[in-house]
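As C-alpha cells, the structure follows; a few thoughts come after it.
All of the numbers you see were taken from the coordinates with simple rules; none came from a lab. Source: prediction; values computed, not measured. Cβ atoms come from the backbone with ideal geometry, glycine included; neighbour counts cover every protein chain shown.
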Amino acid sequence: MQFYSLRTRIKVVLESVSVFLFLSGVASATDISSGKFGFESQIKPFFKRYCIECHGPEKSKGKITLHSLDGDLAAGQESKRWELILDALEHEDMPPEGEENQPSASDRAATVKWIESGLRDYVKKASKLPVATTTRRLTNFEYQNTMRDLLGFELELSKNLPVDPDRPYHFHNTAELMMIGPDQLVRYKEAARKAMASAIVDPEKPEVHQTITKWEHGQPAKNGLTQAEIGVYHGPGVGRKTVGLKSWPKTGEFRIRVKASGNFPPGFQEVALRLVMGTDLRHDSGSGIYQEVGIVHLTNTPDNPEEFELRGRIENIPVQPASKHRNKIRPPSITITAQNIFDNGELNDHRKSGFDDSWSGKAPRVILELIEFEAPVIDVWPPEHHMRILFESPLRGTKTDEYAYEVIKGFMTRAFRRPVDREEVDHYFQIYKIYDAELDTLEQAMRETLAMVLISPQFLYHTVIDQPAATKLYELASRLSYFLWGSMPDQKLFDLAASGELNDLAILEVQTRRLLADNRANSFVENFSTQWLSIAKMKTVNINHDLFPRFLYTVHLGERRGQEQLFRPSIRDYMHEETVGFVSELIRNNASVMNIIDSNFAYLNEPLAVHYGVSGVQGLKLRAVPIKLEYHLGGLLTQGAVLVGNSTGSAPHPIYRAVWLREAILGDEVKPPPAEVPALSDSAGDSADDATSIKNLLELHRNKESCYDCHVRLDPWGIPFERYSAIGKYQPLVPKDKVRVRGFNHQKDKTFADYQAYLRSIYTEEVDASSRLPHGPAVDGMMKLKKYLLKERKDEIVENVVRRFMTYAIGRELTYRDRFEIKKLLKLAEDDGYKLQNIIVLVCQSPIFTGTKS
Amino acid sequence: MEQKSWHINRREFIRGGGAALALPFLQGMSWGKAAVGQALPKRMIVSYIAYGVYEPKIKDGLHHDWNWWPCKDSGPLTFNQSAAPFALLKDSVSYLRGLDHAGGLEMGGHSSGDVFATGANMSGTEKSNNISVDQLAAKVNGHKTRYASLVLGTEGGTGAYGSAKTLSHYGPGRPIPSMHRPQEIFNRLFNPYAGKGIEQVRANLKREASVLDLMMEDSKRLQSRLGKEDQQKVEEYLDSIRALEKRVERTSQWTHQPLLNVDTKGLNLEVSHKDPEEYTRCMYDLLYLAFQTDSTRFATLMLESEHSSGSEMWNYANYVLGYKGATHDIAHKRPTESGKWDNWRAKQHAYFLERLRNTPEGDSNMLDQTVVIWGSAHPHASHSTKNYPIQVAGGNALGFKHGNLHSFEGDKKVPLANLFVAMLNAVDTPTEKFADSTGEMTEIV
C-alpha cells in the first residue's frame, strides 16, 4: 500500500513538472540534445534499460517494438509509433505498474520532452503535406436530414440504404471506411426517385381523403369506462382505440385532428396520448410495422376538451398488404391506433400478472372524442415544397428550356451546398433533355432529372475543392451545419459564406451558438452521444425476465424473446433519452465537462425516477431533476443506458463496464481479447464452479499469465460498478456464495411483492466493489471512483471529450499531426472552466476544423 | 408509382457482378440437358452457419455422438448422430479440419464471418473487406448466365463492419446486399421486367446508358478539382458508375434471350421466418431453381448471420427445438442441445445436396457439377477464430474426390484460401493466389 501511495505522489509531482515545462518552455537541467546525437546518447539507452525487454526483438507485447527505431523523427516515417510511446510515457502507463525497474521522474520527463519536441518539429514541417482523406459520403443520418431540409418535408428514405460502418466507440462517419459500391448507388437512386415522386406534384388538385370517427364521452362502455375513455395501454388488444382509414392517397401530407382531454384520479395531473399508424396492433405479432405520429401530453380535464393537430407524410406509413382469408379478400389497410401510454413504472410485466383491467380505473384515462384524418393537406396547391423547385416564373410556359435550366440550376445550388458553375448545370440540362424527349410533362422529366442530381457525387459526398478558395467558406458552412445539425446549411449560413463573413472567428462563434440553440441540434447530440458512449447495444441486451420481471414491457405471445416491442415506449427508450437529454442539458447550460463524471442533477421522467428510486417525478416528459446522495446517481457512469448496455442481462459485467469507462470516458483504446483466449469461466478451470462472484472469477482469470497483462489494467475499473445491477439499479446487497437466486415464479410468488420479499430474504451480503485502480489508489464503490476521476483524471477526460467532438466534426481519426492544436485547445478550455458549449465553439474555431491550417 | 427509368431494370438486374461482356450463353438454360457440344455448367456455392458448432474437447460418448465432426480421425468418413443426415451422401462430401483465414484471427468469433468468403485481413493490413471467392468466379464466368451471381442471406442487406449480413463482396468496401425475401428473389430471378414489354425495357435501358454517360463526365470533372487523396475516394464512385454502365449493357444483351417461364408450384414464397425449416428449404429451393434453369452459377447463402439479435434468427433454436433461449446461446450448451441444433442444420443442408444429386445433368447429376462449401468462421462456443468447421460437397465431375475427413492440423496446416484456389480453378477461374493462400489444395481435388 505504502508503495502505491508513494507512486501516486510521484505522479502528481511529475505532472506539475511537465505542465510547467510545457507552458514555460524553460529548459530543464536534464534537457537531452535534439536529433540523432541525443537519441544515441540518451534515448536509446533509456529504451534499452526500461522497454526493450518486452518491446524488442524477443517479445513484442501489444505489437509494439522499440529496438528498430532510428531516432530520426524528422523523417516522419515512424511518427505514429513515436506518439504511442510518448503517450505511454507521459501518462505513466509504461513501464507497467509493479515493474520494479522504473525510470526516475526526471529521466522520464526529459525523454518525454525530447520526443515531443522532435514530433513538434516534424509536424511543423509536414503541415504542407496533404492531409488524410476528407472526402466522404454522407452518413445515412446526414442523408436523411439533408433530404428533409432540401425538400422541405420528412420522408423516410434511409431505411433501405446499406448501413454505415459501425464500430463500438467509433463514429459512423470515418471517411476512409465510408465506401460506395454499385449497389449502394442503385439504392440511392431508388431513394431519390421516391423523394422526387413526392416533392414534385402533378398540377391538378388531388382528391382529398377523409376519415372521421367520434366517440360519446357520456356513453358507458366496459370496465366502468365511457365509450370515449382509453384506459392504460397494456397489450395489443387492450387500452387503445383504433380507426381504420377508408382511403388514402399515395403521396402527400396528412393531418390528424384529435379532440381529447384527461380523466385524472386524485394525485394525477397528466396523461400521455400517443398516436401510431400502420398495421393494426392487434393483428401484428410484433414486427413493429407502424410509425409513431406523435404524443400529446394531456393536462386538460373532461369539461375542457381541446383539439390537437398532428401531421405527417402518408408515404412513411406502412400499409398492411391485402390478404386472402377463407376466400375473402381483405384489401390493403392502414389503421390509426390511439393509446394511453401512462406509465408509472409499475406496469411492466411481460407475464401480464402485474396489471389487469382494474388498472384502468386507478390510472389516468385519456378521453378521446374525435379523430379526423385528412390527406393530402391542400391548404395551398401546389404545396410549398413543390413551388420551391418549380417556382413561379414568367419563363414558364413560354421558354420552357430556359425555365427548365433555371429550375435545375436552383435545385443544384441547394443540393450541392455551394454555387454551381455553368458546365455542371449544362450536364444536368442535357440529362433533362434526354428525359424530356420521352416523357410527357415537365414534372415527369424534372423528377427524373433531379433524381440524378441526388445521386451525383457533389450531393452524396462532402468534398473539399482543391482549387482557389471560392468554395472554401461554403465548405466551412457545410462542415459547421453537418457537425451541429447533421444536415445542410440554412440560408443564413449560405449568406455568410457568400459575403465572406464566415471567415471571421467571432461570427463563426455566433453561428456555432445559433446552430446549437436550434432544434436541429437535438439530433446531433443524439447521434453523437449514441456513438461516443456506444449505448445502442443497451437495447439488444437480453434481459433475464425471470430475475427482473418488472423491468421491461414485453408482450408474451409470438414475440421475440428478450426484446420489448413497439407497442409502447419502454424504459429502455427512456434510458436512451435520459443519456442524450443529459448531454443536451450540459451543452445547453454550458456546464463543465466534468459533469459527465458527477452532476447535481439527473435527467428523468416518471418511469425512470421510479426505476432509480427517485420520488416526486410525474409524467412522461424528461427533465432535469435535482438529486440527493442516497439516490446514488449523477453523471453518466450510473445511467441505465451505460449500466444495462454493459451487463449480461442477468448480472453486472465488470469487464464490459471497465472497457466502457476506459474507451468512452478516459479515451483509451482497449484491444479486444486475442483469439483463442479461453472464455472467462473456462480459464478458471474446475475452480470456476466454486467462484460464485464475478470478482472471484476475474481473479482466477487474471492469474493466467496470458490474461494477466491486459486484465490487470482493465478489471479494476469495472469492479467499483458492482453495486449497480444488470438493469442499472443501485443494488448493494447480493446473495451469499453458492445461493442460487430463483426467478419470479407464479406458484411460489402470488404477487410481485412476494417475489421482492423473497429477494430481500436472500440478499444478505454486502457487494464487494473495492479494487485498486491501475496507477491509482484503492477505491470502494462508485462514489470513490468518481472522486478519484474528478481529482486525478481530469486532463484525460477533457482531452477525450475534445478529441471526440473534433473527430466527429471532421469525419476522420485524429493523428499525431493534430496533437499540438489539440493541446492548445485544451489549454484554452482549461482556462475557461471546461465549459462544454465553449469547447464546441473552440472546436469549430480550430484550424483543424476550419481547414486554415496550412 | 410509375417506373420509367433505368431504375426498373437496375432493380431487377442488380445482382449481376461487374462482368465482362460476351454473347449470352443461351442453350444452357435447357433444363438439365446440355446442348450438343456445349460444356456443362460448373458451379460454386459458399454457405454459412453462425454461432459455432459443437466441438467438444472430450471425444467420447455423448460428446462424440453430437460432435459436429462426423468421425474422430482422419480417413474414410463414418457418421455420428450429428452428421447422420449426410450418411447417404458419403461419396459426395469431405470434411476438412484445421482450416481458417489468418485475416479473421483477430476479429473475434462473432465478426470473423465477415471474411469467410473473402479471407481479407480486415483487422490488419486491409481497412475493409475484399473480393469474395464467388465474385471472383463471377467476374470471369458470370457473363455466361443471365445473372453473374446470386447473393442470398437470411437477414438481407449488407450488415455493418464486424456483423456482415452477406458473404459476397465485389472488392474493398463494396459488400453486395444479400436478398432474403423469397418472393423478391423469385421475381428478380424469373420475372425481371415486372410485366413490361421488351421494347419498353430496351428503350429505358438505352436512355439510361446515355444518362450514365453524362453522370460519368460530370463526376470526372469534379474529381479533377479535388486533392490527390480525395480523388481516390471519388474513384470509388466512378467505379460504381462504370459497373452500372456494364450492367445496363449486359441487361440489354439479355433482353434478346427469352425469359424462362418458371412457375411457383411447390414454393411457398410467403413463408415466414417463424417456420425456420420451411423458410430455409424455400431458400435452398430458390437456389436450386436458379441453378437448374442456369440463371446463375455462383452463389452465396448466409444461412445464419452473427449478431442477429434483431431478427427472427435469434429464435430459430426456439422454434425448431423448443430450446428456451436464443440461437446464440444454444452453442454454449452441452452435447444434446448444441448437437441437436447442428443436426437440424445438417438435415437442411443434406436436403439441398440430395436435391441437386437427384437431378440428372449430362451423364451424372447437378451435384457433381456444383462444389458446395458449408461451414462457419466461428467454430465453437469459445469464440475462437481458428479451425473452422468446413464441409465440402459435390463437384465430383469437376475433379473433387470425396468420402474422407482430412486433417490440416499441426504441421499440415495450410490456409483455408488454398481450398478456395482449388475451387476457383475447378470452375474455370484460373487462380494462383487468393487472399493469404500459399498454394492450391490437392488433397480433395
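For a paramagnetic label modelled on A:LYS48 (point 7 Å from Cα along Cα→Cβ), amide N atoms under 14 Å away belong, within the stretch A:59-76, to A:67-69. Peptide A:427-440 shows a mean partner chain C-beta count of 4 within 10 Å per residue C-beta. Taken about its Cα centre, the protein assembly as shown carries a charge dipole of roughly 860 debye when the Cβ of each Lys and Arg holds +1 and the Cβ of each Asp and Glu holds -1.
Bridging of A:LYS44 to lysines at a Cα separation below 20 Å is possible for A:LYS36, A:LYS59, A:LYS61, A:LYS63, A:LYS80, A:LYS113, once same-chain residues fewer than 8 apart are set aside.
Ranking A:GLN320, A:ILE295, A:ILE334 by how far each Cα lies toward the positive end of the dipole of the stretch A:290-442 (charges on Cβ) leaves A:GLN320 at the top. Karplus-derived 3J(HN,Hα) values for the stretch A:365-378, using 6.51 cos²θ - 1.76 cosθ + 1.60 with θ = phi - 60°, are 10, 8, 10, 10, 9, 8, 10, 10, 9, 9, 7, x, 6, 10 Hz; glycine and proline are entered as x. For chain A, the 222 nm mean residue ellipticity estimated from helices alone, with every DSSP H stretch of n ≥ 4 adding -39500 (n - 2.57) and the total spread over all residues, rounds to -12000 deg cm²/dmol. Under 9 Å from the Cβ of A:GLY667, count the other residues' Cβ atoms, weight Lys and Arg +1, Asp and Glu -1, and hand me the total. Combined, the nearby Lys, Arg, Asp and Glu give -2.
The phi-based Karplus calculation (6.51 cos²θ - 1.76 cosθ + 1.60; θ = phi - 60°) puts the 3J(HN,Hα) values of the stretch A:610-616 at 4, 4, 7, x, 9, 9, x Hz, whole numbers, x for Gly and Pro. Among the listed pairs B:LYS401/B:LYS433; B:LYS90/B:LYS412; B:LYS59/B:LYS340, none has a Cα-Cα separation exceeding 27 Å. Extension gain, A:ILE212 to A:HIS91: 0.36 nm times the residue separation minus the Cα-Cα distance gives 36.8 nm. Helical runs (DSSP H, four residues minimum) scored at -39500 (n - 2.57) apiece and divided by the length of chain B put the mean residue ellipticity at 222 nm at -10500 deg cm²/dmol.
The aspartates and glutamates whose alpha-carbon is closer than 13 Å to the alpha-carbon of B:LYS265, local same-chain residues fewer than 8 away aside, are B:ASP285. log₁₀ I(q)/I(0) of chain A at q = 0.08, 0.10, 0.11 Å⁻¹, via Debye over equal Cα point scatterers, no solvent, to two decimals? Once normalised to I(0) and log-transformed, intensities are -0.87, -1.26, -1.42. Largest first and in whole Å, the equivalent-ellipsoid semi-axes of the stretch B:121-213 read 29, 17, 13, each the square root of five times a Cα gyration tensor eigenvalue.
Just to confirm a number: summing +1 for Lys and Arg and -1 for Asp and Glu over residues other than B:LEU424 whose beta-carbon lies under 13 angstrom from that of B:LEU424, what do you get? Net of charged neighbours comes to +1. Evaluated over the stretch A:780-854, the count of Lys pairs having alpha-carbon atoms less than 25 Å apart is 24 (only pairs 8 or more residues apart or interchain).
Averaged over the residues of peptide B:232-243, the number of Cβ atoms from other protein chains lying within 10 Å of each residue's Cβ is 6. What the Cβ-Cβ distance of B:GLU235 and A:PHE37 gives, at R0 = 60 Å and to the nearest 0.05, is a FRET efficiency of 0.85.
The C-alpha atoms of chain B occupy a region whose extents along the principal axes are 68, 53, 43 Å, arranged from largest to smallest. The residue list A:GLY152, A:ALA651, B:LEU353 was ranked by how far each Cα lies along the charge dipole of the protein assembly as shown toward its positive end, using unit charges on Cβ atoms, and B:LEU353 comes out on top. With the charge dipole of the protein assembly as shown set up from +1 on Lys and Arg Cβ and -1 on Asp and Glu Cβ about the Cα centre, the Cα lying farthest toward the positive end among the listed residues A:VAL593, B:THR293, B:TYR323 is that of B:THR293.
How high is the relative contact order of chain A? Use alpha-carbon pairs under 8 Å, at least six apart in sequence, and give a whole percent. This gives 13 percent for chain A. What would the Debye formula give as log10 I(q)/I(0) at q = 0.19, 0.22, 0.25 Å⁻¹ for the alpha-carbon point model of the stretch A:794-850, no solvent? Results for the stretch A:794-850 at q = 0.19, 0.22, 0.25 Å⁻¹ read -0.57, -0.78, -1.03.
Taking B:SER252, B:SER82, B:SER376 in turn, the Gaussian network model of chain B (Cα-Cα springs below 10 Å) assigns the largest fluctuation to B:SER252.
Check A:ASP164: other-chain or 5+ apart residues with amide H under 5 Å from its amide H, H built from backbone geometry? Hits under the 5 Å cutoff: A:ASN140. Backbone phi angles across the stretch A:422-438, fed through the Karplus curve with coefficients 6.51, -1.76 and 1.60 (θ = phi - 60°), yield HN-Hα couplings of 4, 4, 4, 5, 4, 4, 6, 5, 4, 4, 4, 4, 4, 6, 4, 5, 10 Hz in residue order; Gly and Pro are listed as x. Rounded to the nearest 20, the size of the Cβ-charge dipole of chain B about its Cα centre is 640 debye, with Lys and Arg at +1 and Asp and Glu at -1. Between helix B:228-254 and chain B there is an angle of about 80 degrees, using the helix long axis and the longest principal axis of the Cα atoms.
Can you tell me which lysines have their Cα less than 16 Å from the Cα of B:LYS233? Leave out same-chain residues fewer than eight positions away. Output for B:LYS233: B:LYS127, B:LYS220.
Charge dipole of the stretch A:794-850 (Cα centre as origin; +1 on each Lys and Arg Cβ, -1 on each Asp and Glu Cβ, all else neutral): 140 debye, rounded to the nearest 20. Counting Lys and Arg as +1 and Asp and Glu as -1 over every other residue whose Cβ lies under 11 Å from the Cβ of A:ARG418, the net charge comes to 0.
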